[in-house]
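**Student:** Can you read through this structure? Questions will come right after.
The values are calculated or read from the model by the stated rules, or taken from the named source; none is laboratory data. All figures in this text were calculated on a predicted structure; none of them were measured in a lab. Glycine also receives a Cβ, built like all others from the backbone with ideal geometry; neighbour counts cover every protein chain displayed. We work out accessible area using only protein heavy atoms, side chains counted, and drop any ligands, DNA or RNA first. Shrake-Rupley method; radii C 1.70, N 1.55, O 1.52, S 1.80 Å.
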4 protein chains.
Amino acid sequence: MTHAIGSRRWAIADGYIPSSSASDDPALVSHECACILNTGDTPAKVEITLFFSDREPAGPYRVTVAARRTVDLRFNDLDDPERVPRDTPYASLIESDTPIVVQQTRLDSRQPPHALLSTIAYCQE
Amino acid sequence: MTHAIGSRRWAIADGYIPSSSASDDPALVSHECACILNTGDTPAKVEITLFFSDREPAGPYRVTVAARRTVDLRFNDLDDPERVPRDTPYASLIESDTPIVVQQTRLDSRQPPHALLSTIAYCQE
Amino acid sequence: MTHAIGSRRWAIADGYIPSSSASDDPALVSHECACILNTGDTPAKVEITLFFSDREPAGPYRVTVAARRTVDLRFNDLDDPERVPRDTPYASLIESDTPIVVQQTRLDSRQPPHALLSTIAYCQE
Amino acid sequence: MTHAIGSRRWAIADGYIPSSSASDDPALVSHECACILNTGDTPAKVEITLFFSDREPAGPYRVTVAARRTVDLRFNDLDDPERVPRDTPYASLIESDTPIVVQQTRLDSRQPPHALLSTIAYCQE
């Protein structure tokens, strides 16, 4: 591989984790992911900052994506420095020390069956 | 933060608010949002112009996104200078005086359960 | 408005019109749209070429998007020079003489209720 | 056509093939596609590398997209050099010797009716 694909700065503007789910199956609980791909040969140290409508940002949340690995980061599971509130719009800024690719996916199972949305995030060096 | 992420000009080509909803729950009423993230340290003054198939554009609609905040702007709620028509295709041009990130999401609950679509909007300086 | 937003060349790689629909409501029949926004002050003359897996391309299909207007072009309705086949993958190249913005949306109502997908198309000058 | 539209390097960060489907109809079995469009006048030789969370990448998988053709590549069908695991997050790097356009679509039919997601992939030369 000649060089890692991607960018060091990404943003997702529409974050939202529904508090309810029609299923107890962990795969089908309402959740939102940032899927982070690191095609490079060095680990990517990633910092995530969350933005809200009515308070100062939260974070940074830290995650490392190993070389040549991908991580499905569930916003539901973030709890350091604080848990992500449910039923609350938030946005995220995702910054890395090496190039990564970020895609957002939400599974909304408030009503069965679930609905899906996904988009490659916005990037800018 | 070194500088705000984003662009000053964004467009969404496929806007549509269904007039019917299978639910009365405000969270599940058919709606369309432009989620606008301002990671910068100054407020973003945003102007939205709506385009239609058979008439001149409407607007500008004005909204301010405070520094380090995000806004989920529901097109359903816009009413100044005029309400957004239902069951009518429209497109939007979103212009800001500082960099922002824009993502469109539609929740379509004409039939239960709801369907979702989302995409990062198109941007160009 | 200082200048029109957009690009002159766009592509959608995943086109597909299901032949069946659970509803007779025209709004809920399975369909696929290219929503084309022209924010400029001159008409956009648009040519669409369709690509398939096993035959030469079809087209051009021609549509004009008036100044400051948007068009929801239903691929279902194209019939000159030929109808778009159902249940058949196709891709589209969308070329304009002035800048436009293109977003693809599919409503799939093979099973009720319908599913949605949408993405800003790919552009390159 | 003056020149082919697209890029030679693409990435999809959120790959996932559910192992279950509510339907036996091949069109409605849970699946994930990379739709690859080659508008150029020479064949595109494409190599796909898959990334995982806990092991080294798999591949390359090889596919040729003929001149002026599009291919709906189902990740479900890849088996050389190895099958794509189900219920397992993966990401993909898609490299071509000539410009192509890539769009990802997933049909998730774990619960009827199915849900859809789609996005133009991320590209970078």
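**Student:** Amide H neighbours of residue C:84 under 5 Å, at least 5 residues apart or on other chains, H built in the peptide plane: list them.
**Tutor:** C:78
**Student:** Say a label goes 7 Å from Cα toward Cβ at residue A:42 in every copy; what distances in nm does this one have to the rest, shortest first?
**Tutor:** Taking the point 7 Å beyond Cα along Cα→Cβ, the inter-copy spacings are 3.5, 3.5, 4.9 nm.
**Student:** What are the residues of the stretch C:68-87 that lose 40 Å² or more of accessible area, with a 1.4 Å probe, going from their chain alone to all protein chains?
**Tutor:** Those are C:68, C:69, C:70, C:72, which lose 40 Å² or more relative to the chain on its own.
**Student:** May I pose another question? Using only Cα atoms, what Kirkwood radius does the stretch A:52-125 have, in angstroms?
**Tutor:** When all Cα pairs of the stretch A:52-125 are included, the Kirkwood radius is 14.5 Å.
**Student:** How high is the FRET efficiency between residue A:25 and residue C:55 when r is their beta carbon distance and R₀ equals 60 Å, given to the nearest 0.05?
**Tutor:** With a Förster radius of 60 Å, E is 0.90.
**Student:** Note the per residue figure in Å³ for the convex hull of the C-alpha positions in the protein assembly as shown.
**Tutor:** Details: hull volume 67.8 nm³, N = 500.
It comes to 136 Å³ per residue, whole-number rounded.
**Student:** Taking every pair of alpha-carbon atoms in the stretch A:9-67, give the share separated by more than 20 Å as a whole percent.
**Tutor:** The answer is 45 percent, as a whole percent.
**Student:** Please identify, among A:13, A:115, A:34, the residue showing maximal mean-square fluctuation in a Gaussian network model of chain A using a 10 angstrom Cα cutoff.
**Tutor:** The residue that fluctuates most here is A:115.
**Student:** Related question: Collect residues whose amide H, placed 1.01 Å from N in the peptide plane, falls under 5 Å from the amide H of residue D:98; neighbours closer than 5 in sequence don't count.
**Tutor:** Result for residue D:98 returns D:45.
**Student:** Now for a different question. Could you work out which residue, out of A:30, A:19, A:92, moves most in a Gaussian network model of chain A, that is, has the largest mean-square fluctuation with Cα springs under 10 Å?
**Tutor:** With Cα springs under 10 Å in chain A, the top fluctuation among A:30, A:19, A:92 is at A:19.
**Student:** Take chain D, connect every pair of alpha-carbon atoms lying under 10 Å apart with a spring to form a Gaussian network, then pick out the residue of D:37, D:28, D:93 with the largest mean-square fluctuation.
**Tutor:** D:28
**Student:** Using a 7 Å offset from the Cα along the Cα-to-Cβ direction at both residue B:76 and residue A:77, what is the distance between the two label points in nm, to one decimal?
**Tutor:** According to this spin-label approximation, the distance is 3.3 nm.
**Student:** Now a separate question. Tell me, rounded to the nearest percent, the portion of alpha carbon pairs in chain C spaced more than 27 Å apart.
**Tutor:** Working: 1414 of 7750 pairs.
When all Cα pairs of chain C are counted, 18 percent exceed 27 Å.
**Student:** May I pose another question? Under the Karplus relation 6.51 cos²θ - 1.76 cosθ + 1.60, θ = phi - 60°, what is the ordered set of whole-Hz ³J(HN,Hα) values for the stretch A:34-43, x standing for Gly and Pro?
**Tutor:** 10, 8, 10, 10, 10, 7, x, 9, 10, x
**Student:** Can you work out the Karplus-derived ³J(HN,Hα) for every residue in the stretch B:119-125? Use 6.51 cos²θ - 1.76 cosθ + 1.60 with θ = phi - 60°, whole Hz, and x for glycine or proline.
**Tutor:** Along the stretch B:119-125, the couplings run 7, 4, 5, 8, 10, 6, 6 Hz.
**Student:** Using the Karplus curve 6.51 cos²θ - 1.76 cosθ + 1.60 with θ = phi - 60°, work out ³J(HN,Hα) for each residue of the stretch D:73-80 in order, rounded to whole Hz, and write x for Gly and Pro.
**Tutor:** 8, 7, 4, 3, 8, 5, 8, 10
**Student:** How much accessible area per residue does the protein assembly as shown have, in Å², with a 1.4 Å probe?
**Tutor:** 36
**Student:** Moving on to the next point. Using a probe of 1.4 angstrom, how much of the accessible area of the stretch A:22-125 is carbon and sulfur, in percent?
**Tutor:** Exposed carbon and sulfur together represent 47 percent of the surface.
**Student:** Another question, then. Total accessible area buried between chains C and B, 1.4 Å probe, in Å² to the nearest 100?
**Tutor:** What C and B bury together is about 2600 Å².
**Student:** Taking a point 7 Å out from Cα toward Cβ as the label site, list the nm distances between residue A:82 and the same residue in every other copy, smallest first.
**Tutor:** 4.3, 4.3, 6.0
**Student:** Any idea what the residue D:56 label distances to the other copies are, label 7 Å down the Cα→Cβ vector, nm, shortest first?
**Tutor:** 4.7, 4.7, 6.7
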